[in-house]
Protein chains: 4
Amino acid sequence: MQHFDSDYMEGAHPLILERLVAHNMVKTTGYGCDEICAEARKKILAACGNPDSEVHFLVGGTQTNATIIKALLRPHEGVIAAATGHIAVHESGAIEATGHKVLTLPQHDGKLRAEEIDAYIAHFYADESFEHMVFPAMVYISQPTEYGTIYSLSELESIATICRKWQIPLFMDGARLGYGLASAEADFSLEDIARLCDVFYIGGTKVGAIFGEAVVMRKGLVPRFFTLIKQQGALLAKGWILGLQFDTLFSDGLYLKIARHAICEATRLRKGLEAKGYESYSLSPTNQIFLRLTPQQLTKVKAVTTFTEWDRLPNGDTVIRLATSWATRSEDVDELIEML
Amino acid sequence: MQHFDSDYMEGAHPLILERLVAHNMVKTTGYGCDEICAEARKKILAACGNPDSEVHFLVGGTQTNATIIKALLRPHEGVIAAATGHIAVHESGAIEATGHKVLTLPQHDGKLRAEEIDAYIAHFYADESFEHMVFPAMVYISQPTEYGTIYSLSELESIATICRKWQIPLFMDGARLGYGLASAEADFSLEDIARLCDVFYIGGTKVGAIFGEAVVMRKGLVPRFFTLIKQQGALLAKGWILGLQFDTLFSDGLYLKIARHAICEATRLRKGLEAKGYESYSLSPTNQIFLRLTPQQLTKVKAVTTFTEWDRLPNGDTVIRLATSWATRSEDVDELIEML
Amino acid sequence: MQHFDSDYMEGAHPLILERLVAHNMVKTTGYGCDEICAEARKKILAACGNPDSEVHFLVGGTQTNATIIKALLRPHEGVIAAATGHIAVHESGAIEATGHKVLTLPQHDGKLRAEEIDAYIAHFYADESFEHMVFPAMVYISQPTEYGTIYSLSELESIATICRKWQIPLFMDGARLGYGLASAEADFSLEDIARLCDVFYIGGTKVGAIFGEAVVMRKGLVPRFFTLIKQQGALLAKGWILGLQFDTLFSDGLYLKIARHAICEATRLRKGLEAKGYESYSLSPTNQIFLRLTPQQLTKVKAVTTFTEWDRLPNGDTVIRLATSWATRSEDVDELIEML
Amino acid sequence: MQHFDSDYMEGAHPLILERLVAHNMVKTTGYGCDEICAEARKKILAACGNPDSEVHFLVGGTQTNATIIKALLRPHEGVIAAATGHIAVHESGAIEATGHKVLTLPQHDGKLRAEEIDAYIAHFYADESFEHMVFPAMVYISQPTEYGTIYSLSELESIATICRKWQIPLFMDGARLGYGLASAEADFSLEDIARLCDVFYIGGTKVGAIFGEAVVMRKGLVPRFFTLIKQQGALLAKGWILGLQFDTLFSDGLYLKIARHAICEATRLRKGLEAKGYESYSLSPTNQIFLRLTPQQLTKVKAVTTFTEWDRLPNGDTVIRLATSWATRSEDVDELIEML
C-alpha cells in the first residue's frame, strides 16, 4: 500500500535532525532571540536579495495567516482571496475569529486575476453605500495555489501593481513556496517574490522541516509583530528550533534542491498515470496531482494507495489529489504507476 | 423635489409621539424591566399566537443581527445567508467582528432555497476535511428580502424543515416584516412565522417607530440574552421607549394597518411608472420598487426625486430603488408619477 | 413612594419633544448625514472652542465606549482605567468582546492618579518581558466618575501631560458630563476638556435627551470612524433625531442650565439628609448621592423611595445611591427629606 | 558563564530524539489521527486513572490556554484567575483576544483560595446589577504556580468543591505539572488532578519535550474541540510528533523521573545559595528558585549566570528567578554555588 495523501507525512530532512541532535543539549535563549535564528534570518534575507526586510518564524500555516492578517487590518477592513483560498475554506474560520471578513473573488485554476481585483475595489468605492461595507484592504494569494497551479511573474507583477494603486498590502501564503519555485514552469525567483509582496512566508512544514514557516515582511510594516505572534499563541518557546531548520534549509541551496526532487517525482507520476489513461483535473506543474476518476478507477486507486478526496462531480466522478514531497521515494512512484 | 430614498426618512407614527409626550415625565425603571415593556411583550406574543416565547427589544437592525448570531453560534460555527443578505453585504462586517463567518449561498430574487441549504450542509458533512471548515450552524433569511421579495409559506416551511432536519436554528430578519405581512402576495401570518422560526424580529424602525426591533425567540434558546445585549452595546437605558412604541404598534392592529398603506402606495407607484414605460427590475410585492433605467431615464428621474442607486449593469443601465413607507403621502406618489 | 434610582428615569426635555413632534413628518436623510446634525455639530464645536474637531452621534454609553476603544487600539494594546471604571465593571465585558484588555489601576474616590498612570507605564516598559504583555496604549477616565466625584482641572492637566509623554490618547467618558460641568466644585470648562482629551463624549441620555452621546474627537484621530460605528451596531438609521436633541441641548445654554438644576436638587437632598443624621459615603459634588446606611436606616429608606444598592460593607452597612436629574422636581426632594 | 534563565533552554530528552530519528521517514497520517498519538493517549489516560477522558495534543501553553478558555465560555462569561496567573499577565492578552475577560482575585504565594473564589461568586450573584457584568464561569489555576508554589491536595479539593457548587469547570494549567508532581511537598497524584479538574494539561515543553502540551478533558466537555484547535492555529500538521513525545514521556515513568531530577537540583541549588547568605523570596518547592538580591548581590550574580529578572522592590532590591530543568547538569549547579 502506498501513501500519497499529502506532502507532510514524513518528519524532517535528515540534515535537520542531525543538527537538532547535535544542538539538543546546548542551552539557548528562548523565543527566537538566539544566534541560530539570527543566522537563519541573514541567510533568508540574502536569498531574498532584500537585506532590509524582517524575518519572523512561526510554527504552522493557519496561525501564520491569522497573525499576519490580524496584524495588518483595521477592524473595518477585510482581505481579498480566491474562493478556493486556504483562508477562505480550510482554516475553520480562523480569519473571521480575528474579526475580519474574507472577501472572495472567483478563482481561475485557483488564482486571482489582477483585473478582477481592480474591478472589485473600483466597484466598491463607486458604491453609494460603501461606508456600510467591509473595506477591501489587503490581497491574499497562495503560491502555489490550493490547486497546485502557480502565478507567473507577469501575473504577480500585475497583482502587485493593483495593490500599489490602491495602497493595500499584498500577502503571499507560501506554505508550498519551494514547490512553486522548483516548478519547471516557474519564471519567477525568490527575489521577485520578495520585491513584489509586502509580506509572504516560506513554508517549511511541507518542504523539509518538521514544522515552521518563515515570514518575510517589509521592515516596519507591522509594529510589535512579536507581541502579536505571542497573543495569537504562535510564539514557540524554543524558537531556535525554527531557526535551526531554516538555517539548514537555506544552506547550500537545500530548500530548492529537495523541492526539485518532489517536482521531478510528481511529473513522473502524472505522466505515468496519464499514459495509463488517467485524466488530470488541474494542470498543476507542482507537487500536487489532481486526477478525475470514474467510479471504477476510484475503486482501483483505493486498493493501492491512500490519497485525498478533493471533490465529487455531478456526474459521479471523483477528483482526488496525490502529493509528492521532498521525501518521496522514486521506487514508490514506480510501484504506484505499475500497480495502476 | 420628491424623496423616495428609503422607508426610514420620517420619525414615528403620531400615536407613538402622543404617548411619548404623555409619558415623558413619568419616572420609569430602566433597561426594559418596566410595565410598558411587559404589556408590549404580552401583545406581541398574543399576535404571534405563541405565549411561551420571549420578547426582547433592541434599537436597530445591525446590532440585533450581530447579537442574535453571536448568541447562538459556538466559535467554530457560521451562519448561512443569501449572497445578498444584509448581514453578508451591508453591515460592515458586524458578524465577522463577533468572530463568525457568513456562509453565503446563491440568491434567487433575494431568497435562499431550502434544497440548496440542504445540499450545502449535506455536502459539508460529506467532505473528508469538514472538521477543518466552518460549520453551517444557523440559517439567516430576510423577510421581505433586500430585493423586496417575500418567501411564501411553503418556502418558509421547507426551510424550517431543513433546519430541523439538521438541528440548527432558523433566524428571520424582519426589519421590514410589516411590509411582508401586508403584501397582497403574502400567504403567511405572524403566527406562521412564530411557529416556523426559532428566532425572528419585528422591525419597528422602518414600520412606524422612531427606532426599535422586537426580537421574538423560543423560550430558553439563549441563556442570559439580556447580558449579551448589554455586552453588544444594544441595551437601551430608557427601554420603556421601545416598549411604548411596540405597545402602540400592536394595539388595534396599527402595525399591519400602516404597513398596508405603504404597500398600497408602492403598488400604485409601480403600476403608474410601468404604465409610463419604466421597467421593473425585481418583482417586489412589498414597499420597495426596483427600476431598471436607461441613462436618459436616470437623468429624468434624478431631476424629480431622490432615490437609492442599487447597481450599475454591464450595458450602462442603472438599477434604482424607490421606497414607500407607512408615512408616504398619496399626493407625493401622484406627483411623482405625473412628473416622470 | 419616591424614585431616585437613577438619572435616566424620565424621557427628554420638553423642548426636545416639541421639536421632535414638529419635525416628525419631514423626510430626512439617514445616518446623521443631514442638516440638523450638521447644525448640532457646529454648535457643539463652538461650545468646545475647537472648530477643527469631529463630532459623531451614537445612541448609548456602552456602545460608545466599545466603539472608540476598538477604533483606537491595535490588537496587542489595552486601555488603562480605574478599577471602578464603568468599562471595567458594568459593561458585561464589552471591551474584552472587542479583543482588548482593560488594565485597571487603583481608584481614589473613583479617580485615576496621573503619577500612578506614569509609574505603571514606566514599570511596564522597564519589565524584561513587556513584549509578552498587553501594552498600555490609552487612558480612560469618567468625568464625573462612577462615584460622582470630579477631576479638577489640574488633575486633568496632569493626566493629559502623562498621556502626551507616552504618546497615547486620553479618552473621557462623559456620560454625565453636564453634571460635572455644572458642579459647584468644577474649575474646568468644556473648552478645557476639548483641549486636554483626544476624544471624549458629551452624554445626552442622562442629561436631557431621550438617548444619545456626542463624541468629540481630534480630527483624523480615527480614519473611517463612521464605518466602525456601523460595524459596532451603533449607527442610528434616523440619525437626525440625535442631531435634533443635541442641537436643542446646545442652544441657549440648555445643557448646562438643566444640569445645574440637578446639582441644586442633589445638594439640597444631601444636606437635608445629613441634617437628619444620614452619613454620606462619597464626597460627590455632582448629581449622585452615596449614603452609608445602617440596617435600620436601610429599612426606613426602602419604605419611602426606590434607589440603587451600591455595596454591602463588612460590618453589615449598605451603601446606596440616590440620583437627581435634569427632571427632578423640587417637591419630590422636599418630600423625601421630610419622610426620612 | 552559567544559564539558569528558564526550564526550556534545551531541546528534548534524548530518548525522544532517538525515536524521532527512527520514525522520521515513516509516512504518517496528519493532525494527530495516527497510531502513535492513539498509543500516547492510552498511556496518558492510564496514568490519569481516567480512561473515559479525552486527550488532545497542542504545541504551546498560550495557545492551549486560549483554545480551552474560548471553547468553554459563552460570550458573556469570564475566567477567574490569580492576579499573577500566566493568562492574566504574560500572554499578551491572548484570552481577551478571544473576547473574554480574565477576572483576577488576589494571589497568595501565587495561589487562589477556595473561599475567596466562593465569596467572589456569591457576591457577584448578590449584586443587583450582576446582569450588567461579566459572569464568573470557569476557574483557572496553575500547578505549580508562576511562583513555583503548589496547591496541596486539600486546597485542590476545596477549589473543585466550590467549582461544583457553582457548576463551573475547573481548568488547570500544567505547563510545569511534572515539577509539581515530583516536588517533595506534593501530596497529590496525577489521578487526583484528573479526578478534580474538568480539564487540565500536562506540560511537555518545559518537561522533556521539544514542545507540546497534552490536554486531558472530561469526555464531551467541548464538542468539536478538534475544529476549535484548528481555528486557533494550534493544530500541528505532523501531529504524530506530539504523540511520539508524550508516548515516550509516559513510558517507564520517564516524565516523573526527569522531573524529579530537576527538583533535586533545584533543592541543592537553593540550599547551597541560602547557605551562602542569599535570601529566598518565594517558598517554591519546585524547579523555580526566587531570590531577593541586594544591588551588590545582583552584580555578583550577573557576573556568573544568566537568569530572569522577576521584579524590582521599592527598597531597590531585585527579585530574580533561577530555573532548573530535566536537563540541568549537576556540575553546573555545583559550579554556580561555588562561584557565588
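The values are calculated or read from the model by the stated rules, or taken from the named source; none is laboratory data. Everything numeric in this text was worked out from a predicted model, so none of it was measured. Glycine gets a Cβ as well: all are built from the backbone with ideal geometry, and neighbour counts include every protein chain shown.
The set of residues from the range C:221-242 being touching a residue at least 60 places away in the same chain (Cβ under 8 Å) and farther than 19 Å from B:LYS70 by Cβ comprises C:LEU221, C:VAL222, C:PHE225, C:PHE226, C:LEU236, C:ALA237, C:LYS238, C:GLY239, C:TRP240, C:ILE241, C:LEU242.
Being of a type outside the set (A, V, I, L, M) and assigned to a helix (DSSP H, G or I) is the filter here, so list the residues in the range A:128-173 that pass it. Scanning the range A:128-173 gives A:PHE130, A:GLU131, A:HIS132, A:SER154, A:GLU155, A:GLU157, A:SER158, A:THR161, A:CYS163, A:ARG164, A:LYS165, A:TRP166. I'm checking my understanding of the structure. Among residues of the range C:78-88 that are away from chain B (no Cβ under 14 Å) and in contact with a helix residue (DSSP H, G or I) (Cβ under 9 Å, 6 or more places away or on another chain), which one is surrounded by the fewest Cβ atoms within 10 Å (Cβ to Cβ)? Result: C:ALA83.
Residue count for the range D:217-238 under the criterion of being more than 10 Å from chain A (Cβ to nearest Cβ), at pLDDT 95 or above and closer than 24 Å to A:GLU91 by Cα: the result is 5.
Rundown of residues vs (1) in contact with a strand residue (DSSP E or B) (Cβ under 7 Å, 6 or more places away or on another chain); (2) free of Cβ contacts under 8 Å to residues at least 12 places away in the same chain; (3) of a type in the set (A, V, I, L, M, F, W, C); (4) within 13 Å of chain A (Cβ to nearest Cβ), yes/no style:
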| site | (1), (2), (3), (4) |
| --- | --- |
| D:ALA186 | no, no, yes, no |
| D:LEU190 | no, no, yes, no |
| D:PHE200 | yes, no, yes, no |
| D:GLY204 | yes, no, no, yes |
| D:ALA209 | no, no, yes, yes |
| D:VAL215 | yes, no, yes, no |
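Out of D:THR149, D:THR67, one residue alone is out of contact with any Ser or Thr (no Cβ under 7 Å at 6 or more places or on another chain), buried (at least 19 other Cβ atoms within 10 Å of the Cβ) and within 29 Å of C:HIS132 (Cα to Cα). It is D:THR67. Listed by first and then second residue, the pairs with beta-carbon distance under 6 Å, at least 6 apart or on different chains, first residue in the range C:50-62 and more than 9 Å from chain B (Cβ to nearest Cβ) and at pLDDT below 95, second surrounded by fewer than 24 Cβ atoms within 10 Å (Cβ to Cβ) and in a loop (DSSP other than H, G, I, E, B), are C:ASP52/C:LYS219.
The condition of being small (Gly, Ala, Ser), at positive phi and away from chain C (no Cβ under 14 Å) holds for only one of B:GLY148, B:GLY178, that being B:GLY148. Determine, yes or no, whether B:GLU146 is among the acidic types (Asp, Glu) and either touching a residue at least 60 places away in the same chain (Cβ under 8 Å) or assigned by TED's automatic domain parsing to the domain that holds B:LEU283 (or both). It is true that B:GLU146 is among the acidic types (Asp, Glu) and either touching a residue at least 60 places away in the same chain (Cβ under 8 Å) or assigned by TED's automatic domain parsing to the domain that holds B:LEU283 (or both). Against the test of being touching an Asp or Glu at 6+ places or on another chain (Cβ under 9 Å), β-branched (Val, Ile, Thr), away from every other protein chain (no Cβ under 14 Å) and in contact (Cβ under 8 Å) with a residue 12 or more places away in the chain, the options A:THR328, A:THR286 yield a single qualifying residue, A:THR286.
Of all residues in the range A:89-118, those that are within 14 Å of chain D (Cβ to nearest Cβ) and over 17 Å from A:MET133 (Cα atoms) total 9.
Just checking, which of D:SER330, D:SER282, D:SER325 is at pLDDT below 95 and of a type in the set (Gly, Ala, Ser)? Result: D:SER282 is the single residue among D:SER330, D:SER282, D:SER325 that is at pLDDT below 95 and of a type in the set (Gly, Ala, Ser). Of the residues making up the range D:18-49, those that are within 14 Å of another protein chain (Cβ to nearest Cβ) and at positive phi number 2.
Evaluated against (1) within 17 Å of D:LEU244 (Cβ to Cβ); (2) within 12 Å of chain A (Cβ to nearest Cβ); (3) not charged (D, E, K, R), D:ALA66 falls short on exactly one condition, (1).
For the range B:308-340, a residue qualifies if it is in a strand (DSSP E or B) and among the charged types (D, E, K, R), and the qualifying residues are B:GLU309, B:ASP311, B:ARG312, B:ARG321. A single member of B:VAL89, B:VAL55, B:VAL134, B:VAL139 is over 21 Å from B:GLY178 (Cβ atoms) and in contact with a Lys or Arg (Cβ under 6 Å, 6 or more places away or on another chain), and it is B:VAL134. Do we have any residue at all in the range B:232-239 that's under 30 Å from B:ILE159 (Cβ atoms), within 20 Å of the chain's Cα centre (by Cα) and surrounded by 18 or more Cβ atoms within 10 Å (Cβ to Cβ)? Yes, the conditions are met somewhere in the range B:232-239.
Yes or no, residue by residue, for (1) under 30 Å from D:THR248 (Cα atoms); (2) surrounded by 18 or more Cβ atoms within 10 Å (Cβ to Cβ); (3) β-branched (Val, Ile, Thr):
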{"position": "D:THR104", "(1), (2), (3)": "no, yes, yes"}
{"position": "D:LYS111", "(1), (2), (3)": "no, yes, no"}
{"position": "D:ALA126", "(1), (2), (3)": "no, no, no"}
{"position": "D:HIS132", "(1), (2), (3)": "no, yes, no"}
{"position": "D:MET138", "(1), (2), (3)": "no, yes, no"}
{"position": "D:PHE171", "(1), (2), (3)": "yes, yes, no"}
{"position": "D:SER189", "(1), (2), (3)": "yes, no, no"}
{"position": "D:ARG195", "(1), (2), (3)": "yes, no, no"}
{"position": "D:PHE200", "(1), (2), (3)": "yes, yes, no"}
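Test B:GLU128 against the stated conditions and say whether it is touching a helix residue (DSSP H, G or I) at 6+ places or on another chain (Cβ under 9 Å) and either within 23 Å of D:GLN232 (Cα to Cα) or in the same structural domain as B:HIS76 (by TED's automatic domain parsing) (or both). Please lay out each step first, then the result.
Numbers: touching a helix residue (DSSP H, G or I) at 6+ places or on another chain (Cβ under 9 Å): no; either within 23 Å of D:GLN232 (Cα to Cα) or in the same structural domain as B:HIS76 (by TED's automatic domain parsing) (or both): yes.
Judged against the criteria, B:GLU128 is not a match.
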